[in-house]
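Everything on this sheet refers to the single structure shown next.
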Number of protein chains: 2
Amino acid sequence: MMTTQEHVDQVMLQAGQAFDQYRNIDGKRRAAFLQAIADGIQADAEIIAKLAQEESNLPEARIKGEVGRTTGQLRAFAELISAGHWVQATIDTGDTSRKPLPKPDLRKMLVPVGPIVVFGASNFPLAFSTAGGDTASALAAGCSVIVKSHPAHPRTSAKVAEVIKTAMTETGMPPFVFQHVEDSSIEVGQQLVRHPLTKGVAFTGSRQGGMALVEAAARRPEPIPVFAEMSSVNPIVLLPESMRTNKELPKLLAASVLQGVGQFCTNPGLILALRGEGLDRLLDELAVEIRNSVPSKMLHRGIARIYSTLKMIALEQPGVSVLAAAAEADDEAFGAATVAIVSASDFISNAHLSEEVFGPFSLVVRCENVKELIEVVKALPGQLTGSFFGTADEIQAYDALARELQKRCGRMIFNGVPTGVEVCKAMHHGGPFPATTDARFTSVGADAIYRFARPFSFQNAPESWLPLELQNENPLQILRCVDNEWTFSEVMVVN
Amino acid sequence: MMTTQEHVDQVMLQAGQAFDQYRNIDGKRRAAFLQAIADGIQADAEIIAKLAQEESNLPEARIKGEVGRTTGQLRAFAELISAGHWVQATIDTGDTSRKPLPKPDLRKMLVPVGPIVVFGASNFPLAFSTAGGDTASALAAGCSVIVKSHPAHPRTSAKVAEVIKTAMTETGMPPFVFQHVEDSSIEVGQQLVRHPLTKGVAFTGSRQGGMALVEAAARRPEPIPVFAEMSSVNPIVLLPESMRTNKELPKLLAASVLQGVGQFCTNPGLILALRGEGLDRLLDELAVEIRNSVPSKMLHRGIARIYSTLKMIALEQPGVSVLAAAAEADDEAFGAATVAIVSASDFISNAHLSEEVFGPFSLVVRCENVKELIEVVKALPGQLTGSFFGTADEIQAYDALARELQKRCGRMIFNGVPTGVEVCKAMHHGGPFPATTDARFTSVGADAIYRFARPFSFQNAPESWLPLELQNENPLQILRCVDNEWTFSEVMVVN
């Protein structure tokens, strides 16, 4: 029998060989592969949804939505690479008559980096797992992919892997372009990250899990990027006039805290506001919503237990008191909502209070004045999102506050809650550490592909050796930057 | 007196405060600052060139050229940010009537990451030092910059820093946007990298130096990118027909090996070719050029000593013999050129032979057949460049070889030498490890700015709070992706 290390060596060797073939397959053929995966998931949608529901405790409607999101993402990446613009083709034509030295012809585009190891998320057993955004974007870029099966939904993962493998064969992709490692040990994950053939890692999950991979990668002789989307409390700032006039606010906040039993990376775990009647009234109404909420089953018992523990720890911190709590269920697998409250001074002096409590929990920080409110924002670590409820005048008046918030997050939402991540090109789902390990990249939307590509320059290459994207005729009709002008035109070479 | 740590704390606090102001200053004003630095360098060009010449031993013409390159880079980045297209503005307009949920308005662009620590290169005392490409691109992106003075050219560095500070005051930039740390200890460099306010590091130099910074960064609680451009042997593959017909080849190779006493990151340290008459003739001619070359003074005694040592170690490796060597000078500060030769089998079994010998040294690897040639390429670590001399037919015939080379480098040159890096948009100066620590970014050319920026999304932001780049009217007239179409037009909002 093989040891884990022998197994990992074999998997990575296969991934390396597959990459060598796959990286030379053009965008349209790779797109057909992604479309075939989406078709396969759609064809088996009922079986897949049933498995995912059983393994994740997520409600049917949510899982069905997630099937749609998963196939939607795959098709979006297929369209992206089929169109081809994404490679950022840049051409500087040469000039053999330039003095003192001739100017070379230089053509640059993005090429794939190599085999990518993907660790799926427990809270999105489809859209951020085996055939999720990370896998789709890495395959789209031209990388081979190794998915480590998620221990919380192994059967869903295995079924989706089977669909991908069928699509791989049907569209004539090289064997092992996608591989599924069915081993839930931490050891195998570490070995995959440390393997010399691995060129990048994508992870969605806890801060502890993400940082363990970062540390494993740091022990490699060759540095590689680890894209870990980890933890965020997604602060919401409520400004006075807005609290007074926006009658929907308490219900909106409660719905965002409770959505999906709080198991979203964009769950609002922190609400910041100035002391006053407006806040008191809002909190009264928010408390009613929270108390009336019915606990639901969380993703798995482990997550429910961690939620209980972290909530308990948060509530035990100096100055923290419960504002409202739903009645606990008899079953420890259920997560009951809680909103707590603390003063700004207690919050600022205690870094634990800005740590994520994954589940339907939120902490209100009551500030005495604007100065304190700014101090609270300044005490926050990096976030995926920051939200800002205010009238037009207030947004101008609190500009300094908003700027501090902006510095600490990847997306700022005006008069809206952070949950409900729109999948589109202008979406950035990322943010300064510890929200992610690299604020320069998104894990949602078309731009997620840029995590897995590197620029490559061809100098004086014969036309026949250039990829389609860089040939004079512009056969793919993509947008290119030619001699510093953006154009869809062909290149006229004068020599 | 302050300790080093207290000094670093003060510097970084100032850099953080400066960043808070500087990041909100628009591109046109930042461009005026960069232009003022270029003007200042031009005005003091004679003094600066004289200092750099004294401290680097580089010839006058080379230093004058470098002054031009330095101001050229500063002006190129000024033009880039003045035009504004670089921020990759992306807009997805909202739809309040969408069912079941309204579609938010999302607008994304690049924003600066924070204070950047720059370590200059000894071989480019101007163009890759205090006001060099790293500083210019970080300042262009909107980051504050801390340059650690280079121990090999402290007076040049101090003088250029003075010019930058004057430009800073004259153009009304916040104090401490640029800071110069005049302390050549390794300790201060480590402390700068490890400081929590530091958000990125740029380095050009030896592999040992670069990896020390990577390791310092790995000990931080918060990961930050370290862009180190370190070591590359820039393999040149010579194909048989090309060796037979290209009569310029021996002179071209010799000139590239000898240029700047071999002190370029793109110096060709490795020449790969098939055994045969063509190679024998070429080597005879190359040997004459090398033997006739006159040793020149290297950048400093330290570099000359390391060159001698590394050359000696390379020549002592099993199977390595000297093909040709210039007579050593009496002064140990001079670097004498040497070309050595080894068989493919000896090369493949000895990883030391693919390590950089910084200076006018090159190793010829004589291969018995194509299979061996491919094995040699497969044994290479990551490179900045790979060159390929062949006729049109040969390039097609040796496709598998060229693909292997491509995988290991950032730029591939056909029928040309790697030295002479054209500064233009399509240039990629980077490559897989250990050429750099992050193959996804370039340190030369306009795209170097992307190392220091992160995407940021505004959701449903009031028009008045949006930066100019994202406002409906497109006041800067930049290229934007609006609802998935590339356009220079304004956005029509229907609500």
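Points to keep in mind about this one:
- Prolate/oblate/rounded call for segment B:71-118, Cα gyration tensor, a/c under 1.5 rounded: oblate
- Copies compared at B:Arg301 - label distances in nm, ascending, label defined 7 Å from Cα in the Cβ direction: 7.3
- Computed accessible area, B:Asp95, all protein chains, 1.4 angstrom probe, square angstrom: 60
- Overall shape: prolate for the protein assembly as shown, with the ratio a/c of the largest to smallest alpha carbon gyration tensor axis at 1.5 or above and a/b above b/c.
- Angle in degrees between helix A:60-83 and the longest Cα principal axis of chain A, rounded to the nearest 10: 30
- Pairing chain B with chain A buries about 6000 Å² of accessible area. This figure sums both sides and uses a 1.4 Å probe.
- Taken one residue at a time, the phi angles of segment B:469-474 give Karplus couplings (6.51, -1.76, 1.60, θ = phi - 60°) of 4, 10, 6, 3, 5, 6 Hz. Gly and Pro are set to x.
- Amide hydrogen neighbours beyond the local backbone of B:Val491, cut-off 5 Å, H modeled: B:Glu473, B:Asn474
- Euclidean distance between Cα centres, segment A:159-198 to segment B:3-19, Å: 46
- Charge tally in the Cβ shell below 11 Å around A:Gly132, where Lys, Arg are +1 and Asp, Glu are -1, A:Gly132 excluded: -1
- Folded to 0 to 90 degrees: helix A:27-43 orientation relative to chain A principal axis, Cα: 50
- Using a Förster distance of 22 Å, the FRET efficiency for A:Thr487-B:Gln477 (Cβ separation, nearest 0.05): 0.85
- Amide H partners (placed H, <5 Å) of B:Gly94, local residues excluded: B:Asp105, B:Leu106
- Residues in segment B:190-222 reached by a label modelled at B:Met1 [backbone nitrogen below 20 Å; 7 Å Cα→Cβ]: B:190-192
- When A:Met243, B:Met312 are compared by accessible surface with a 1.4 Å probe, the order from highest to lowest is B:Met312, A:Met243.
- The modelled label-to-label distance between A:Glu46 and B:Ala158, using points 7 Å beyond Cα along the C-beta direction, is 8.1 nm.
- Per DSSP, loop GluC sites (Glu not before Pro) in segment A:237-319 with at most 13 further Cβ within 10 Å: A:Glu248, A:Glu316
- Residues in segment B:432-452 that, when all protein chains are in place, have 50 Å² or more less accessible area than the chain alone would give (probe 1.4 Å): B:Phe433, B:Arg440
- Cα-centre dipole for segment B:104-189 with unit charges at Cβ (Lys and Arg positive, Asp and Glu negative), debye to 20: 160
- Accessible area expressed per residue, chain A, with surrounding protein chains retained (probe 1.4 Å, Å²): 38
- Carbon + sulfur, % of accessible area of chain B - ligands and nucleic acids excluded, 1.4 Å: 54
- Estimated FRET transfer efficiency when R0 is 56 angstrom, pair A:Ala218-B:Arg98 (beta carbons, to 0.05): 0.80
- Simple point charges give the picture: +1 on the Cβ of Lys and Arg, -1 on the Cβ of Asp and Glu, and for segment A:1-107 a dipole about the Cα centre of about 680 debye.
- For B:Phe178, the residues whose amide H sits under 5 Å from its own are B:Val145, ignoring neighbours fewer than 5 places away on the same chain, with H placed 1.01 Å from N.
- Gap separating the Cα centres of segment B:371-438 and segment A:282-319, nearest whole Å: 57
- Nearest beta-carbon to the A/B symmetry axis - residue in chain A, distance in Å: A:Ala218, 2
- Counting only aspartates and glutamates at least 8 places from B:Lys311 when in the same chain, those with an alpha carbon closer than 20 Å to its own are B:Glu289, B:Glu328, B:Asp330, B:Asp331, B:Glu332, B:Asp346, B:Glu355, B:Glu356.
- In a fully extended conformation the segment linking B:Val370 and B:Arg305 would gain 19.7 nm over its present Cα-Cα distance, using 0.36 nm per residue.
- Label point 7 Å beyond Cα of A:Ala392 along Cβ direction - residues of segment A:217-246 with amide nitrogen under 16 Å: A:242
- For segment B:309-415, a crude dipole built from +1 on the beta carbon of Lys and Arg and -1 on the beta carbon of Asp and Glu, taken about the Cα centre, is about 480 debye to the nearest 20.
- On full extension, the segment bounded by B:Glu170 and B:Ser185 gains 2.2 nm, given 0.36 nm per residue less the C-alpha separation.
- For segment B:349-366, 3J(HN,Hα) per residue [Karplus equation, 6.51 cos²θ - 1.76 cosθ + 1.60, θ = phi - 60°, Hz, x = Gly/Pro]: 8, 9, 4, 4, 6, 9, 8, 5, 10, 6, x, x, 10, 9, 10, 8, 10, 8
- In segment B:80-109, burial by the other protein chains removes 30 Å² or more of 1.4 Å probe accessible surface, compared with the chain on its own, from B:Thr90, B:Asp92, B:Leu106, B:Lys108.
- Structure note, pairs A:Lys99/B:Lys297; A:Lys108/B:Lys64; A:Lys50/A:Lys159; B:Lys50/B:Lys297: Cα-Cα distances above 21 angstrom occur for A:Lys99/B:Lys297; A:Lys108/B:Lys64.
- What separates the A:Glu46 label point from its copies, with the point 7 Å along Cα to Cβ, is 8.9 nm, written shortest first.
- Euclidean distance between Cα centres, segment B:338-353 to segment B:40-104, Å: 41
- Other copies of B:Met2: label-to-label distances in nm, shortest first, labels 7 Å along the beta-carbon direction: 5.7
The values are calculated or read from the model by the stated rules, or taken from the named source; none is laboratory data. The structure displayed is predicted, hence computed values, not measured ones. In this analysis, Cβ positions are derived from the backbone assuming ideal geometry, glycine residues included, and neighbour counts consider all displayed protein chains. Side chains are part of the model used for accessible areas, which takes the heavy atoms of the whole protein and leaves out ligands, DNA and RNA. Shrake-Rupley method; radii C 1.70, N 1.55, O 1.52, S 1.80 Å.
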